[in-house]
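A quick write-up on the structure given underneath.
Each reported figure results from applying straightforward, stated rules to the coordinates on display, with no laboratory input. It should be emphasised that the depicted structure is a prediction, and the values quoted were computed from it without experimental measurement. Counting neighbours? That spans all protein chains shown, and the Cβs are built from the backbone with ideal geometry, glycine included.
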């Protein structure tokens, strides 16, 4: 894949620039957020050069990728159910992608197409002529550069990971759930443990793990072998029964230790909501880690649990009740262990703007996806739509100690055929249909910022945006609609915003430094 990209790039460089620019009709998208495929109607039968980057939104069929000038998000990830914005997104999503054929090689969802030249066959069909694939490749993931996002406000001392393992069974194979044979289990174990070891967290909150202790024990043993650090698990005292799954904890004994006992919250589905207070060995600081797996949307509920047609699916009432029980249990448990810091993570089976998440936010929790990544975050992709079912939220005192957070796109952007029970490719990719979510912590910190957000200077009528006194921090640039554009380290105390990489227009800039998030709207001209 790398060879193909480099070769394609070299060929494009050899093309005379004037010929490349003049030989095709340029096509500029006027508004990415409202674009629909009907806008291609006047270009049918022509070969065009896209002046904007386009996204791969679906790779279910590698002979016909679906692309768009924007990343397509689940409506309830971006807007409250049944709101005017929700209705608009629902309509736009239906015609927001177009088929692209003629692409060679395998590409992940989320990769961008730059310098794209296509033949417009119809408003729903394009043929690939040339272009560069950039970003979100397997090579990018394996570089571990995404892990830098755990340090967007400060350097972490602990790394916490929550991961859905998509039915990780050890003893009850062949039940129609999870692995059907020992060979399949070995493939699943290799993928899962390679992915978790790459993250190398201090604490893992795992969901969809076989009840009993065998699965957690196996994962702890594998992480010990693969990372060279000592891992163990929290024993909940239960025994394996059929193919039922639970949530659980695996942790590094060299950096943390459990404080007090494990707390089971059986409000809703049994054995899927736990609380455990952990103590950092080096500092003696503590926090409560609540790991959860809420009721799924699948199935046919009745009454208030029936699908209400508002995008939230079935059993929403149960998930709302579960969210309430998590708040109640966290409040009780933080008092019991004499430490108010709370981190809530897990697969909540609800997108960002759905009722269960609103309950948690109204209860005083901050959505770390939104806090660090505006509207661009996702951990799950379904039918071309991205969003996050896998959450990280915390209360105000915990927020002061969070250095960064991100969803590690090991799984959701990958083709389903690479799962262990289909065409296992021997890599960690697609070990689950959900991405793991990672949070960096620096316990005991309450850091105040001294950074100046911007100083704008005029030099020959060109506006230069300078970020002062923020060396060691990070900046993230978004469009006004919340689409992610750029993520960069701030390398000195008079850091010039890289305007040369941006098209003219308005942007939102987030700066993460010294424990704070600063924001400014800027004009690039």
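Taking 0.36 nm per intervening residue step and subtracting the Cα-Cα distance, what contour gain separates residue 257 from residue 51 on full extension? Could the numbers behind the result be given before it?
Values: separation 206, 0.36 × 206 = 74.16 nm, distance 5.36 nm.
Stretched out fully, the residue 257 to residue 51 stretch lengthens by 68.8 nm.
What relative contact order, as a whole-number percentage, does the stretch 156-441 give when Cα pairs under 8 Å and 6 or more residues apart are counted?
Relative contact order of the stretch 156-441: 20 percent.
Between Rg and the Kirkwood Rh of the stretch 156-441, both from Cα atoms, what is the Rg to Rh ratio?
Details: Rg = 17.7 Å, Rh = 18.9 Å.
Here Rg/Rh amounts to 0.94.
Pull out the extension gain between residue 139 and residue 298, defined as 0.36 nm times the separation in residues minus the alpha carbon to alpha carbon distance; nm, one decimal. The partial results should precede the final answer.
Values: separation 159, 0.36 × 159 = 57.24 nm, distance 3.43 nm.
Stretched out fully, the residue 139 to residue 298 stretch lengthens by 53.8 nm.
As I understand it, the value is the acute angle between the Cα axis of helix 316-336 and the longest principal axis of the Cα atoms of the chain; what does it come to in degrees, rounded to 10?
Taking the Cα atoms of the chain, the angle to 316-336 is about 60 degrees.
For the chain, take the longest principal axis of its alpha carbons; what is the angle in degrees between that and the long axis of helix 2-14, to the nearest 10 within 0 to 90?
Taking the Cα atoms of the chain, the angle to 2-14 is about 20 degrees.
Would you compute, from DSSP H runs of 4+ residues alone, the mean residue ellipticity of the chain at 222 nm, taking -39500 (n - 2.57) per run and dividing by the full residue count, rounded to the nearest 500? Write down the numbers at each step before the final one.
Numbers: 11 runs with 110 residues, N = 525.
Computed ellipticity for the chain at 222 nm equals -6000 deg cm²/dmol.
Calculate, in whole percent, how much of the Cα-Cα pair population of the stretch 90-160 lies beyond 21 Å.
Values: 1207 of 2485 pairs.
Cα-Cα pairs of the stretch 90-160 separated by over 21 Å account for 49 percent.
Return the Rg/Rh ratio of the chain with Cα-based radii and a Kirkwood Rh.
Numbers: Rg = 23.7 Å, Rh = 24.4 Å.
Ratio of gyration radius to Kirkwood radius: 0.97.
Would you mind calculating the gained length between residue 464 and residue 95 on full extension (0.36 nm times residue separation, minus the Cα-Cα distance), in nm to one decimal?
Numbers: separation 369, 0.36 × 369 = 132.84 nm, distance 3.89 nm.
Going from the current span to full extension adds 129.0 nm.
List 123, 25, 419 from most exposed to least, where exposure is judged by having the fewest other Cβ atoms within 10 Å.
On the way: 123 17, 25 12, 419 22.
Least to most surrounded, the residues fall as 25, 123, 419.
Treating the angle as unsigned and between 0 and 90°, give the value, to the nearest 10°, between the Cα long axis of helix 84-94 and the longest Cα principal axis of the chain.
70 degrees
Restricting to Cα pairs below 8 Å that are 6+ residues apart, what does the relative contact order work out to for the chain? Please round to a whole percent.
Working: 1227 pairs, mean separation 70.1, N = 525.
Once normalised by length, the contact order is 13 percent.
How big is the Cα convex hull of the stretch 283-351 in projection, averaged over all directions, in nm²? It would help to have the intermediate numbers written out before the result.
Working: hull surface 21.3 nm².
Mean shadow area of the hull around the Cα atoms is 5.3 nm².
Please give, to one decimal in nm, the separation of the simple spin-label points placed at residue 217 and residue 175, each 7 Å out from Cα toward the Cβ.
Inter-label distance under the simple model: 1.8 nm.
Among 521, 297, what is the fewest-to-most ranking by other Cβ atoms within 10 Å?
On the way: 521 9, 297 17.
Going from sparsest to densest Cβ surroundings: 521, 297.
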